[in-house]
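Read-outs: derived from the displayed coordinates by stated rules, not from any lab. These numbers were taken from a predicted model, which means no experiment stands behind them. Cβ placement follows ideal geometry from the backbone for every residue including glycine, while neighbour counts extend to all protein chains displayed.
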Amino acid sequence: MQETLRSYKASIFRALSHPTRIAILEVLRERELSTRAIQEKLGVEQANLSQHLAILRSHRIVANRKDGNQVFYSIRNPLLVEVLDIMRRYFQANLADAIQMLEEVECEVSER
């Protein structure tokens with residue numbers, strides 16, 4: 001069972017491993033949007049967007065519904081927004097650590 005869970009987690013992280021897919025989720029975090037609205041907000045080509053949306057759909061990260069000739073997308077589970085927020089805080093913490101190390105190195109160099 002543990003291995004199955006690890007494989008599932010890895011597949012989700014692989015699905016999220018492209019900056020465009022993260023950007024898609026960021027624009028969907030507040031509300032459902034049409035494919036055209038996502039495309040306009042991100043400035044990506046329609047074919048490229050379709051490929052990324054297909055990956056997110058296949059991993060059940062986003063849900064879609066048709067309304068006439070438009071397709072609307074939303075994040076399937078709002079917990080994913082929390083995961084993205086945690087990753088932002090993780091990045092900020094690592095960035096703060098890197099800045100502190102850089103400042104320490106600069107102090108050592110200036111003392112020489």
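Odds and ends about this structure:
- For Ser34, residues with placed amide H under 5 Å, excluding near neighbours: Tyr73
- Extension gain, Ser74 to Ser58, is 4.4 nm, computed as 0.36 nm per intervening residue step minus the present C-alpha separation.
- Radius of gyration, Dmax [the chain; alpha carbons; angstrom]: 18.9, 71
- Taking the centroid of alpha carbons for each part, the stretch 17-38 and the stretch 63-103 are 10 Å apart.
- One chain, two ends: Glu40 and Tyr90. Fully extended at 0.36 nm per residue, the span grows by 15.1 nm beyond their Cα-Cα distance.
- Phi angles of the stretch 70-85 translate, via the Karplus equation with coefficients 6.51, -1.76, 1.60 and θ = phi - 60°, into HN-Hα couplings of 9, 10, 10, 10, 8, 6, 5, 10, x, 4, 5, 4, 5, 4, 5, 5 Hz per residue; Gly and Pro are given as x.
- For the stretch 65-112, the equivalent ellipsoid derived from the alpha-carbon gyration tensor has semi-axes of 46, 12, 3 Å in decreasing order.
- Chain lengthening between Ser17 and Glu82 when straightened (0.36 nm per residue, less Cα-Cα): 21.7 nm
- Charged side chains reduced to their Cβ positions (Lys and Arg at +1, Asp and Glu at -1) give the chain a dipole of some 980 debye around its Cα centre.
- Distance between the 7 Å Cα→Cβ label points at Asp67 and Met101: 4.8 nm.
- Residues whose amide H comes within less than 5 Å of that of Val62, counting only those at least five positions distant or on another chain, are Arg57, Arg76 (H built at 1.01 Å from N in the peptide plane).
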